[in-house]
Amino acid sequence: MSTCPIIIALDWDAFYCSVEEHFNPELKKIAFAVQQKQIICTCNYVARAQGVKKLQLLVDAVKQFPDLVIVNGEDLSRYRDASKELWYFVREMVWGGKVERLGFDELFLDVTDMVDFNMTLLDNAHVAREFTRHSPHSVLSFFFRTSQQDPSMGFSCQLPSVAGNLATGSLPEDFTGDNLRLVLGSHLCHYIRSQILEIKGYTSSGGVSINKTLAKTAGATHKPNQQTVLFPEFAQDFLDRFDIGKIPWIGHKSKSIILDAIYKGTDGVNHDSDRTRDATVFNVRHVASKQLFTSSLGQSSGEKLWDLLHGVDSTTVQPTPDIPTQISIEDSFRSLTSIIEVQTVLRKLSNSLLDRMYIDLMDSNGDWLGHPQTARLSTRPRSTGYYGSRISRSDSLPSIVFSSSHSRDYIVDYLVDRCWMPLFSKLIGDTKTFDLVLLNVAVVNIDKAPAKTSDITSFFGKKHLVDNHVKDARREELVTKSGKGVGEHADLEPGLELPWQEDEDLIYEETSYRESCVVCGQRIMSFALEAHMRFHELVD
DNA sequence: TGAATTGTCT
DNA sequence: AGACAAT
């Protein structure tokens, strides 16, 4: 009996545009594009039908398409919220919550358990082995169960018919074993996509196969609002037609290294022009070797990419955790040369970063779900190095960001002066002269806060830590006054609550910093109110 | 070309 | 820790 995974890859169609259409349905009928700085990063399918391309310069696009409507998409919060909402929705449908998010618009679902549970139902009906292409009339109406507990939950489908498109257009000879499991997977994929459309109003494209790469590659072949199944026996044929750069995880860098390794002679000189380099998977597989891959890309990457070209991908679906592993905010500009400008930008970025931390790392009670340990500052110098090159420096994150007893402005000033600016000095070095096009601030190494418990015994068990907590908070202020460097303070103990504290300041804050939510009446820390209201908008 | 996140490699 | 590569 086979145990290979059944993987579904989902991809929201023209995601940023779909979100914009969700909030402004008028847009559905017209050609429009989403702008970020001087480019349009994506456009809806109406616009694509007219020839508008993704990642076009804005000026070029409006010159060529004067009627194209432009929507600004530099604020990602609505896209982030929608992405999260769709992810949560899908996760509810997948047993074990085995859903991995890739960027804002892609999901990988491991539906192996769901498929195999339904396979046992099929076996019990003594029909599984009856399905062959040569007995097309033995069609079975099957109820696919989507819940182990409730037998009435699920959907009907016809077996062994396949839902959606066939990669390569090929239908297997027999529908037993893994092929039948994929057929079930195709119906599940169709069901999930229809639920997303019905309940959430978003169209998606899906791919179904036996690993993440094959599922994703298959799903990319029929868009929008379609799905594609790839049976393993056709995987190599399917992949062979692609340019290697179209295979997921092979970007332009890896592609260039591979082609260089193939087409450069022993003298190290490239004898072929770019145009004559055959970059199809088929050609590369036959001209190169695993040896050539590992020697040019390194042992690990070489092996991995070589396997990919042969449809082999053993990476598993890693369920995306509820709290992010990092939060970063950035802004870009033509040129940034003075310290005062840098400080202004950093103040703005710090405010946005704190907003994000309250939204993503705090629950509706104002309790922290996770504690970042590290602050990282990144920049991109202008016209030095190659495109996209960034440099960064990091240091421990001042725990004052978790404090509810300081004003927002105080925390921001503290961050800029004692965290970002020292890191900035570290970044630019001794030269003291700089010209930047980008600043990025991030909090990383986010530790999950221990689950909150009302158990009184845990209070006594942790009281000694609480004392340190308070001491550290005081030391924080001393450090501020004495002008000692950052990184010397001890971090706060994560996740500890102080509802019992007798400290007068803290009692004062407890009562003065909470406001009643107009929706649910809960007492919310004032600075968490914004996040709390977003929560209501999302859930209600 | 954009804003942001994640993972790998050294 | 930081650069680099991927989406």
Please work out how much length the chain gains when fully extended from residue A:253 to residue A:55, using 0.36 nm per residue of separation minus the C-alpha to C-alpha distance, in nm with one decimal.
-> 69.4 nm
Mind scanning A:212/A:304; A:84/A:200; A:37/A:432; A:54/A:348; A:53/A:246 and naming the pairs with a C-alpha gap bigger than 20 Å?
-> A:37/A:432; A:54/A:348
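Could you tell me the calculated FRET efficiency between residue A:147 and residue A:4, based on Cβ-Cβ distance and R0 = 22 angstrom, to the nearest 0.05?
In this case the efficiency is close to 0.35.
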Rg (one decimal) and Dmax (whole number) from the Cα set of segment A:318-363, in Å, equal 14.2, 44
If amide H atoms are modeled at 1.01 Å from N in the peptide plane, then the residues at a separation of 5 or more from residue A:203, or on another chain, having amide H under 5 Å from its own are A:13
A correct Karplus calculation of ³J(HN,Hα) over segment A:94-109, with 6.51 cos²θ - 1.76 cosθ + 1.60, θ = phi - 60°, whole Hz and x for Gly and Pro, returns 9, 4, x, x, 7, 10, 10, 9, 10, x, 8, 10, 10, 10, 10, 10
In whole angstrom, how far apart do the alpha carbon centroids of segment A:76-109 and segment A:292-311 sit?
-> 30 Å
Arranged from highest to lowest average of other beta-carbon atoms within 10 Å per residue, in what order do the peptides A:155-164, A:200-209 appear?
-> A:200-209, A:155-164
Would you grab the residues whose amide H sits under 5 Å from the one on residue A:102? Only those 5+ places off in sequence or on another chain, please, with H modelled 1.01 Å from N.
-> A:107, A:108
Mean Cβ-within-10 Å packing, highest first, puts peptides A:221-232, A:316-327 in the order A:221-232, A:316-327
Net charge near residue A:37 (other residues with Cβ under 12 Å of its Cβ; Lys, Arg +1; Asp, Glu -1) is -2
Compute the FRET efficiency between residue A:81 and residue A:237 as 1/(1 + (r/R0)^6), taking r as their Cβ-Cβ distance and R0 = 60 Å, and round to the nearest 0.05.
-> 0.90
13 Å beta-carbon shell around residue A:389, net charge (K/R +1, D/E -1) | +4
For labels at residue A:365 and residue A:197 in the simple 7 Å Cα→Cβ model, what's the distance in nm?
-> 4.2 nm
Can you work out the FRET efficiency for the pair residue A:410 and residue A:24, with r the C-beta to C-beta distance and R0 = 41 Å, to the nearest 0.05?
-> 0.60
Note, residue A:196: beta-carbon cut-off 13 Å, +1 each Lys/Arg, -1 each Asp/Glu, net -3
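None of the figures in this text is laboratory data; all of them are computed from the coordinates on show. Computed from a prediction, not measured in an experiment: that's the story for all the values here. Every residue, glycine among them, receives a Cβ derived from its backbone with ideal geometry; neighbour counts consider all protein chains shown.
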